[in-house]
1. Could we say that F128 is within 30 Å of S24 (Cβ to Cβ) and hydrophobic (A, V, I, L, M, F, W, C) here?
2. Checking R50 against (1) touching a helix residue (DSSP H, G or I) at 6+ places or on another chain (Cβ under 9 Å); (2) within 28 Å of T2 (Cβ to Cβ), only one condition comes out false. Which one?
3. Since D134 meets every condition but one in (1) over 24 Å from W74 (Cα atoms); (2) surrounded by 15 or more Cβ atoms within 10 Å (Cβ to Cβ); (3) of a type in the set (D, E), which condition does it not meet?
4. Quick check: anything in segment 178-195 more than 30 Å from N21 (Cα to Cα) and of a type in the set (F, W, Y)?
5. Would you mention how many residues in segment 197-217 are touching a residue at least 12 places away in the same chain (Cβ under 8 Å) and farther than 16 Å from I145 by Cα?
6. Over 20 Å from D118 (Cβ atoms), in contact with a strand residue (DSSP E or B) (Cβ under 8 Å, 6 or more places away or on another chain) and at pLDDT 95 or above: is that true of N42 in this structure?
7. Hey, could you check segment 177-191 for residues that are part of a strand (DSSP E or B) and either without any contact (Cβ under 8 Å) to a residue 40 or more places away in the chain or among the aromatic types (F, W, Y) (or both) and say which is nearest to I30 (Cα to Cα)?
8. For segment 103-138, what are the residues that are more than 14 Å from E69 (Cα to Cα), touching a strand residue (DSSP E or B) at 6+ places or on another chain (Cβ under 8 Å) and without any contact (Cβ under 8 Å) to a residue 60 or more places away in the chain?
Amino acid sequence: MTCEISFLPVGNADCIVTSDNSDSAVVVDIGKPRLLQKWLQNKNKKNIKRIYITHAHDDHLPPLVKLVEFLDIWLKQGEVETFCFPHSFYKISFEKLIAYRGTSPKYDRLELALNCLDDWDRLGRIRFIPASRDSNSYTQGNLEIHVLHPRQLFIEKHLAKSHTKLNEISLILRVIYGDFAALLLADIENLGLKECVDICKPDELAANVLKILDHGA
């Protein structure tokens, strides 16, 4: 059995799919939901084992309403087992909902989208789980995906200082298949990159393929 990492042509954005010969796949970021949907259908991938969103910038994560539309369409033809949201994304979305109440036409659509996420989680259709270093590693056969950065305390300290510099808490993922390893750097920069280099063991940063940060921009 082989493993393939595909970097989808989504322009100045990210969407990466890791898959084997089965009907399963792991998705990292959703730069263009429709393109991802068509790609998965063409490859006959019906079971999305996990979705990682590295951070909440719109070149990695579509607006919440668009994301829910994508998931709703996908659940009619396939499965999404687990979903790793960006840190505080759900909380911030609820804060927006409260702010929109009675003042914006966006309120109803945002409320419906948030309710859909909650229903899917409550009914076990999609499990929404956190992702940080040493938590919720993914394993399927010979495929392993580990979060190298950020640590949970780094996340909380960073968000206490700034809710805007999200690149520094981008997920850095190490994808392993047998003797092969790939590092996916998302948009990591500045203190986040320094933190990752400081805390990682040398072998954790060794890789055959390095996905350049900020989609090479």
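The values are calculated or read from the model by the stated rules, or taken from the named source; none is laboratory data. In this text the structure is predicted, and so the values were computed from the model without any measurement. When we count neighbours, we look across all protein chains shown, and the Cβ atoms used for this are built from the backbone with ideal geometry, even at glycine.
1. On the way: within 30 Å of S24 (Cβ to Cβ): yes; hydrophobic (A, V, I, L, M, F, W, C): yes.
Spelling it out, F128 is indeed within 30 Å of S24 (Cβ to Cβ) and hydrophobic (A, V, I, L, M, F, W, C).
2. All conditions pass for R50, except number (1).
3. (2)
4. Within segment 178-195, the first condition is being more than 30 Å from N21 (Cα to Cα), and the residues that meet it are 188-195.
Cutting the leftovers down to of a type in the set (F, W, Y) gives us none.
Checking segment 178-195: not a single residue is more than 30 Å from N21 (Cα to Cα) and of a type in the set (F, W, Y).
5. So the answer is 6.
6. Values: over 20 Å from D118 (Cβ atoms): yes; in contact with a strand residue (DSSP E or B) (Cβ under 8 Å, 6 or more places away or on another chain): no; at pLDDT 95 or above: yes.
Here the answer is no, as N42 does not meet what is asked.
7. Here the residue is L183.
8. Within segment 103-138, D121, R125, I126, R127, F128, I129, P130, S132, D134, S135, N136, S137 qualify.
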